[in-house]
Amino acid sequence: MESTIYQINMVTIPYQTTDWQQVKPTSHRGETGEAKWQTLQYGQLRLRKVTLSPGYKADHWCTKGHITYCLEGEFTSELSDGTIHVLTSGMSYQVSDGQSVHRSSSVKGATMLILDGEFLQEPRPVLNPWRM
């Protein structure tokens with residue numbers, strides 16, 4: 001019987017609270033507008049509170065995986081095939097790396113919480129040392 005072993009890199013995060021008002025934002029210009037990221041990094045795990053200005057449109061298409069939860073406002077997630085998803089407060093989307101080509105925009109502005117990192121990648125087989 002042959003099996004494949006997959007390695008999953010986990011990160012240990014001790015219990016903590018975050019006062020997002022104390023996390024310094026970084027500015028990222030879009031094709032139009034601006035996104036402000038407040039980022040916490042735990043190894044390969046990234047947690048971001050992202051605020052899109054009114055009129056924001058990403059300046060790139062993304063193939064990375066994200067778990068994105070809309071905290072307030074409204075934003076559009078556009079897929080490269082032309083599909084449009086409008087997300088409002090309380091809605092989310094989830095996608096793994098390489099499963100879509102997408103970009104965000106917002107007419108009136110939005111704030112979202114985004115979780116991404118290595119855990120959303122395709123699992124890579126690891127050489128099985130017990131395999132004969």
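Points worth noting:
- Test for residue 21: is it without any contact (Cβ under 8 Å) to a residue 60 or more places away in the chain, surrounded by 15 or more Cβ atoms within 10 Å (Cβ to Cβ) and of a type in the set (S, T, N, Q): no
- Residue in the range 74-88 that is in contact (Cβ under 8 Å) with a residue 24 or more places away in the chain and over 15 Å from the mean Cα position of the chain (by Cα) present: yes
- Among the residues of the range 89-114, the one identified as in a strand (DSSP E or B), among the aliphatic types (A, V, I, L, M) and surrounded by fewer than 17 Cβ atoms within 10 Å (Cβ to Cβ) is 113.
- Hey, residue 71 assigned to a strand (DSSP E or B), among the hydrophobic types (A, V, I, L, M, F, W, C), modelled with pLDDT of 95 or more and surrounded by fewer than 16 Cβ atoms within 10 Å (Cβ to Cβ) or not: yes
The values are calculated or read from the model by the stated rules, or taken from the named source; none is laboratory data. On a predicted model such as this, the values are computed, not experimentally measured, just so you know. Methodologically, a virtual Cβ is constructed for each residue, glycine included, from the backbone with ideal geometry; neighbour enumeration extends over all protein chains shown.
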